[in-house]
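Just below is one structure, and these are the notes that go with it.
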Amino acid sequence: MCPECDAPVPLEDGVGRGEVVTCPECNAELEVVGLDPARFVVAPPEEVDWGE
Amino acid sequence: MRVAMLCSRIRVEEKLLRDALVHRGIEVEIVDDRELTMTLAHPLRRWDAVLERSISQTRGLAITRVLESWGVPTVNTHDVTATCASKLDTSAALEASGVPTPDTALAFSPEAAVQAAEDLGYPVVLKPVTGSWGRLLARINDRDSAEALFEHKALLGGPEHSVFYLQRHVDKPGRDIRAFVVGDDVICAIYRESDHWVTNTARGARTRDCPIDATLRQMSLRAAAAVGGGVLAIDLLEDRDRLLVSEVNATMEFKNSIDVTGVDIPGRVADHVREVVRGVPVAIGA
């Protein structure tokens, strides 16, 4: 379930922990923190030291 | 052979790198930098090497520093990553090695920054000393804009706004070049094209294969050597008939560059990691 809007969020095959998916209902960016069952948290916003 | 891949987030690049390492028979442990604890007196020695892919430069630098103190090889090394994480350190390294780079000036107050901009000649580009993805870049076309921008920056406070890092604006032809260096080889290069003067792919630039001629190869290898070598993405600007190196990236993103170049970038990185583990002397740039 999306922690923002409670909508069900499908997980495609091959998606693992640490990946970011988008909620199909509210477009929130969600980080996958569990797989069985699927669990999500709102992905942390970009920080100033993020990059290449 | 057991390699840790240090990550903050699993993006396309990390999945491709993991698969490339596994394909080479390397056991891969994904380590989330947010969950890692390190007691300095009790080294973690379960990895033959660590591939640093942290999205957070701060965490990546801290962790590679400790790993190296424990004797764990890292790709890239802490010093290389630190040099590349700071545009100032990168500029200093490039200048010291005689690598052509845009004229760069530093100032430490708004008033001095205006003078530095006047000395460089407008337009100039204000960049954060640390930062990526084209974040907080500002092109300043005249003194009025400079005074306003520098005053705002000073009022924001914080150490990151106390250094004014300025470069002469290069009137590039709607694109820049990114060259991918692995060890002593330039494995591929792309053009990053945009109608905007900021040509980062994170800002929507399109990518296209860029042929590697002798000049681009030599310049890329010299830039890589200047910062210490490793797995690096060299950003270059076409300034009329010459190339200037603008930045060097130590935790490069490449998902938009594989198809257009046809080069197995994650595979080449994995080969490099394997050589590091085997202790093969790794040639550095030119």
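Quickly run through region A:15-35 and pick out the residues that are part of a loop (DSSP other than H, G, I, E, B) and more than 12 Å from chain B (Cβ to nearest Cβ).
Selection gives A:Cys23, A:Pro24, A:Glu25, A:Cys26, A:Asn27, A:Ala28.
Taking the stated definitions as given, is B:Leu88 open to solvent by 10 Å² or more (accessible area, probe 1.4 Å), farther than 30 Å from A:Thr22 by Cβ, more than 12 Å from chain A (Cβ to nearest Cβ) and assigned to a loop (DSSP other than H, G, I, E, B)?
So B:Leu88 fails the test.
If I filter region B:95-107 for residues that are assigned to a helix (DSSP H, G or I), under 28 Å from B:Leu216 (Cβ atoms) and touching an Asp or Glu at 6+ places or on another chain (Cβ under 9 Å), do I get at least one hit?
No; the residues of region B:95-107 include none that is assigned to a helix (DSSP H, G or I), under 28 Å from B:Leu216 (Cβ atoms) and touching an Asp or Glu at 6+ places or on another chain (Cβ under 9 Å).
Any residue at all in region B:65-79 that's under 13 Å from B:Ser8 (Cα atoms) and modelled with pLDDT of 95 or more?
No; the residues of region B:65-79 include none that is under 13 Å from B:Ser8 (Cα atoms) and modelled with pLDDT of 95 or more.
Please name all residue pairs, on different chains or six or more residues apart, with Cβ atoms under 6 Å, provided the first residue is in region B:8-27 and is within 14 Å of chain A (Cβ to nearest Cβ) and the second residue is of a type in the set (Ser, Thr, Tyr) and crowded, with 18+ Cβ neighbours inside 10 Å.
Once the first residue is within 14 Å of chain A (Cβ to nearest Cβ) and sits in region B:8-27, its partners that are of a type in the set (Ser, Thr, Tyr) and crowded, with 18+ Cβ neighbours inside 10 Å give B:Ser8/B:Ser54; B:Ser8/B:Ser56.
I'd like the residue in region A:16-39 that is within 21 Å of B:Val31 (Cβ to Cβ) and open to solvent by less than 30 Å² (accessible area, probe 1.4 Å) and, out of all such residues, is nearest to the chain's Cα centre (by Cα).
A:Glu31
Residue-by-condition table, conditions (1) within 11 Å of another protein chain (Cβ to nearest Cβ); (2) of a type in the set (S, T, N, Q); (3) in contact with a Pro (Cβ under 6 Å, 6 or more places away or on another chain); (4) open to solvent by less than 10 Å² (accessible area, probe 1.4 Å):
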| position | (1), (2), (3), (4) |
| --- | --- |
| B:Asp32 | yes, no, no, no |
| B:Arg46 | no, no, no, no |
| B:Gly60 | yes, no, no, yes |
| B:Leu67 | no, no, no, yes |
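Would you call A:Glu4 more than 8 Å from chain B (Cβ to nearest Cβ) and either open to solvent by 80 Å² or more (accessible area, probe 1.4 Å) or at pLDDT below 90 (or both)?
yes
Which residue, of B:Ala205, B:Ala179, is under 25 Å from B:Val269 (Cα atoms), hydrophobic (A, V, I, L, M, F, W, C), without any contact (Cβ under 8 Å) to a residue 40 or more places away in the chain and surrounded by 15 or more Cβ atoms within 10 Å (Cβ to Cβ)? Explain how you work it out, then say what you get.
On the way: B:Ala179 fails: without any contact (Cβ under 8 Å) to a residue 40 or more places away in the chain.
B:Ala205 is the lone residue from the list that is under 25 Å from B:Val269 (Cα atoms), hydrophobic (A, V, I, L, M, F, W, C), without any contact (Cβ under 8 Å) to a residue 40 or more places away in the chain and surrounded by 15 or more Cβ atoms within 10 Å (Cβ to Cβ).
Considering only strands (runs of 3 or more DSSP E) fully contained in region B:126-183, which possess at least 3 residues that are in contact with a Cys (Cβ under 9 Å, 6 or more places away or on another chain)?
Passing ranges, in order: B:175-182.
The values are calculated or read from the model by the stated rules, or taken from the named source; none is laboratory data. Here the structure is a predicted model, which means the values were calculated and not measured. Reconstructed Cβ throughout: ideal geometry from the backbone, glycine too, with neighbour counts over all protein chains shown. Ligands, DNA and RNA are stripped out before the accessible areas are found, and what is left, the full protein with its side chains, is counted by its heavy atoms. Shrake-Rupley method; radii C 1.70, N 1.55, O 1.52, S 1.80 Å.
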